[in-house]
Every structure is written in structure tokens, then in C-alpha cells.
Amino acid sequence: MHLRTASALVSLLLVGLAHQVVANPLPPNDEASLRRRYTAQKYRADTVKKAFQTAWNGYYKYAFPHDSLRPATNTYSDDRNGWGASAVDAFSTALVMKNWGVVNQILDYVPTINFSNTSTEISLFETTIRYLGGMLSAYDLMTGPLWNHAGNDTTNVTAVLVQAQRLADNLKVAFDTPSGVPDNMLKFGPPRKVGQATNGIATIGTLVLEWTRLSDLTGNPEYGRLAQKAESYLLHPRPALGEPFPGLLGTNVNITTGLFVDSSGGWGGGDDSFYEYLIKMYLYDPLRFREYGERWVKAVDSSIQYLTSHPTSRPDLTFLAMWNNRTLQFVSEHLACFNGGNFILGGLTLDEPIYVRFGLDLVDSCHETYVKTATGIGPEVFSWQDSRTPLNATNNPGPPAAQAGFYNTSGFWISNGNYVLRPEVLESIYYAYRATGDKKYQEWAWASFQAINATCRIGSGYSSVNDVNAPGGGGFSNFQESFWFAEVLKYSYLIFAEDAPWQVQADHTNQFVYNTECHPIRIASGHENVAYGST
């Protein structure tokens, strides 16, 4: 069932794309070639699994059950409330890798977490995508395609869902506001809101998948209804300033009134996963969440029509600008590079080749931010000069003098050269490969993984680095993010792994949808315990 409602202008902009390549089937191979290819792919998958084990061994030895490893000094950080964020984030990755030794270590640990005890403030968003998403995903995998594979007793598997519900019961005080828009920051002992005045669309709009899934698994509709009520303010934004382009929103919402307070935004941090979850909720259950799909279509149509930008020095590249009111800002982020994969997933889900093709263009362009740097890794923030906006206009300056040569060959300049073990470029390359079968995406993923593996490896694990355009990454921050386990290593593995029920499918046979932390959540159709209407 098609949801697309593109304007005539968008249709004109996209004419000719609809019949372009969506799938590039692999050429015929003789048996020997197929065997060599299988061996190469298995070698690459096994190499990623070894990197996972290296990172896990360092974390387990020096940091567990704390949140994160500081690999250069063999110490730890409790940056996510001291509940063992890296262990929970690693859970679903260990499962899809069938690393039963690590699975059992985490499965033994999860029932012991005291989700009522922490001395630090809690982010509703971060806790939802990492802890709640991680536990729901593990439960879905262990009660679904991996049932009885790990040799674990069912008591601990059941305890994973119990723990997810216990955590949500502590977190749900966040929604106790006049509007139902949650306060993103909480304290426990007892659970209470910090008292923020506003919340952002990413931290409001990236709760619905996990909280709805919890309702579907437990039969308690309260969790889903809380998140869906909060989401309703984003599906129907008010006042008009909150929607400067159709389907594209401002960033911040007043918690008391549910009204938008600005009209600045983009596909980057603070906004990103709101758009991501619109199509993923539709994929999760197209009957209950049709409106989410319709809103995603409006957002991507507007993005193509209003935000598409080509750098003056590399008009072959395609980026999406950010905006301030209706003034475009020609800057983007590593975080925003998930957008290619999201367009591809939406195009596959809605049978719209134009979205797939545009998504592939975005993937190609974000990949260029990797291949042009000294380390082969993309920067945290990059900018460019738009080819259709008057040159040197207030919103369209040229590159800094020191990067003029780099810009001329690369099509972007580096505004922030950090790399904090982010997954988004690999994520979109993964979706591109699953949509097309084109082996070039596997080659891109392998080169990117090798660059990260070589640059970020230090001490007992892997660390963020300071400058991707400096030899060796310009020094280490001595911090191994928990999403290194959940996302970078999972996407790097999946693109070379055998087909499995949790892999993204191009033919409408998906059994799982990935949350923004790359935890695979089983789609609802036929797998929910209770049906109820969204609010």
C-alpha cells in the first residue's frame, strides 16, 4: 500500500529516477569463484567477531559491570548510570554473532541489575535506546529465532523482560507532565523529573518503538500509550513555526503546552531519530502506525525538494542541508549520515524506487567523507558551499583558507574532526548492500572497518580519536562507547554474515526492525501479545 503524496514539483524533480536501478544482482559465478567469495566473506565476518571479542575482553576484565571501558588506562566510566551499559548494548550483537560465551555472561548479569539505584541523572532517551531496547531485542531474539540455541535456562530469559518492565516502570514518571511530553532528565530514589522546560524531537520521538514493543510483549498498553501520546505532538505540530517545511520540524517542544518553541532543525543530532522512527514504526505495524508512514513521506519529500545540496567543488555529491527557519545551513554531521539508509529502508518498505535511489546517492556522498581523510574515517561535523545559493552569501561562505585545497578535491571541509566510534556511515552502507546486493558496498564497509580498527585500537580496547585528518587520528580520548558494541561492530558483521531472520530484507519479508541503537526488535505482525489502538 503506497503512502507517497509527493507534490507535482517533487515529482518533476524526481522524474526519470523511478525506473533506475534498485537492485544490482550479483553476476553469475562459477563454483570456484563462489567458494572464494564465501571464504573471503567468512574471513571478514570472523575478523569483526575477533574485534568484538577483543573489546569485550577488555571491558569485562577492567570495567564490568560498570558502563564503559577506558582502554588506554584500563579503567572504567559510569557514564550511563552504572548499570553496565556496554554489557546490555553488547547483548544483541553477541546473540547475532552466536557468541554464546559472552551471551551467557550478559544473561547471567542482566537479572542482577538494580534499575532503581543510581546516583546520577538519567536520560530517558539514552536509557530507552540502550537499556530498554537492548533487553527487548535480546528477549525477542532468544524467544524467537535463537530460541534454545544458547543453552540457557528459561528463567533468565524471562527475567530479561521482567527487568525491561521494571526499568520502564521507573522511567514512566517522565511522562507525568501537563501535556504528556516527557521530561528527558530524571533522578531516581525515588523516580522523579528534573524539571526541564523543553524537550527535543529526537528525545521525544525515539521512544515509541521500544515502549510500544514493551506493551505488545507484556500485554500492558500503558507503556505504548505514554510514548504515542508524546509522539502525537510531533505528528501534529503546533504552532506553524514548528513546521517550516511540510513534514520537517523545529527541534524543541514546551513540556507544559506541547507547543514548538523554534523552527530550526535537520537530519542531525537532536532531530535525527525522530525521522528515523517514523518509517520504522510503520514497518513495525503498518495497520496501527499508518500515520507515521505518511509523516515520513512528507518529511522525505520536503527533504528532497528543499534540502538537497551539491557542493560547488563536487557537484556529484548530494548532502541534506540543515535549516534555521527556512534559511538553509550547509553543514552536516556523521550522525546525519544514517539518512541514506533510512531513505533506502523507506523506499523498500513503500515500494518507492525514487527513495531508494536518492538514499543511495546520500550513501555514496557520506562514504566520500571517509575516503578523503588521512585515516579513512569520516569527521564528526563537515561543511560545504552550496552550488545553487549565491556564493559567499551569509549562509553560504566558502571554506577556511587552510582547507581550500582539501575542499576543492573532497567537496567538504572539516568543521570538527573527532571520531567518537560512530556507526552511521557503516549503517547506511549496510542498508545499501541489503537493498542492492552490490558487492561494492561490502568493499566500502570492509575498508571503513579496517580504517577504524587500525586507528582506534589502543590498550585493552578501542577509543574515540581527536582528528580523523591527522596521522593516527591525532590522539585518543581514552573512551570506548557502549554503542561500539551495539552498532559499529554489528553493522560491520552483518554486511558479511549469512542471511538470517534479523537481517534487513529487500522483499517485504522483514521479521525485525532495528532501533536507533541497532538492536533488532521483532516486528509486531503475528508476534504481539495484545492488540490495542494507538492514541
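Among T409, T373, which is hydroxyl-bearing (S, T, Y), assigned to a loop (DSSP other than H, G, I, E, B) and at pLDDT 95 or above? The conditions single out T373.
Name the residues in region 143-167 that are hydrophobic (A, V, I, L, M, F, W, C) and either touching a residue at least 12 places away in the same chain (Cβ under 8 Å) or open to solvent by less than 40 Å² (accessible area, probe 1.4 Å) (or both), would you?
Of all residues in region 143-167, those hydrophobic (A, V, I, L, M, F, W, C) come to 146-147, 150, 157, 159-162, 164, 167.
If the condition is that a residue be hydrophobic (A, V, I, L, M, F, W, C) and either touching a residue at least 12 places away in the same chain (Cβ under 8 Å) or open to solvent by less than 40 Å² (accessible area, probe 1.4 Å) (or both), then L146, A150, V157, A159, V160, L161, V162, A164, L167 are the ones that fit.
Among the residues of region 219-232, those identified as surrounded by fewer than 24 Cβ atoms within 10 Å (Cβ to Cβ) and either closer than 19 Å to F260 by Cα or touching a helix residue (DSSP H, G or I) at 6+ places or on another chain (Cβ under 6 Å) (or both) are P221, K229, S232. In the set A486, A506, only one residue is in a loop (DSSP other than H, G, I, E, B) and either buried (at least 23 other Cβ atoms within 10 Å of the Cβ) or within 21 Å of the chain's Cα centre (by Cα) (or both); that residue is A506.
Residues in region 118-142 that are at pLDDT 95 or above and either among the small types (G, A, S) or open to solvent by 50 Å² or more (accessible area, probe 1.4 Å) (or both): 7 in all. A Cβ distance below 6 Å, combined with a sequence gap of six or more or placement on separate chains, defines the contacts here; from region 263-284, residues that are modelled with pLDDT of 95 or more reach residues that are assigned to a loop (DSSP other than H, G, I, E, B) and of a type in the set (A, V, I, L, M) in the pairs G265/L249; Y284/I523; Y284/A524.
Residues to consider are S302, S365; find the one that is more than 21 Å from P423 (Cβ to Cβ), of a type outside the set (F, W, Y), part of a helix (DSSP H, G or I) and under 22 Å from the mean Cα position of the chain (by Cα). Even if it seems obvious, please write down each step before you answer.
Numbers: S365 fails: more than 21 Å from P423 (Cβ to Cβ).
Checking each option against the conditions leaves just S302.
Are any residues in region 376-404 more than 23 Å from the chain's Cα centre (by Cα) and among the β-branched types (V, I, T), and if so, which ones? Hits for region 376-404 are T389, T394. Note on region 444-466: residues that are under 15 Å from R422 (Cβ atoms), out of contact with any Cys (no Cβ under 9 Å at 6 or more places or on another chain) and surrounded by 19 or more Cβ atoms within 10 Å (Cβ to Cβ) amount to 7. Within region 467-480, being more than 18 Å from Y370 (Cβ to Cβ) and either buried (at least 24 other Cβ atoms within 10 Å of the Cβ) or modelled with pLDDT under 95 (or both) holds for one residue alone: Q480.
Selection of first residues in region 419-438 that are in a loop (DSSP other than H, G, I, E, B) and of second residues that are open to solvent by less than 10 Å² (accessible area, probe 1.4 Å) and among the small types (G, A, S), restricted to Cβ pairs under 6 Å at least 6 apart or on distinct chains, gives the following pairs, ordered by first then second residue: V420/S464; L421/S464. If you check S332 against the conditions, is it under 16 Å from Y275 (Cβ atoms), open to solvent by less than 30 Å² (accessible area, probe 1.4 Å), assigned to a helix (DSSP H, G or I) and of a type outside the set (F, W, Y)? The answer is no for S332.
The values are calculated or read from the model by the stated rules, or taken from the named source; none is laboratory data. Since the structure is predicted, the reported quantities are computational estimates derived from the model, not experimental observations. Reconstructed Cβ throughout: ideal geometry from the backbone, glycine too, with neighbour counts over all protein chains shown. Just the protein is used for accessible areas: all its heavy atoms, side chains included, with ligands, DNA and RNA removed. Shrake-Rupley method; radii C 1.70, N 1.55, O 1.52, S 1.80 Å.
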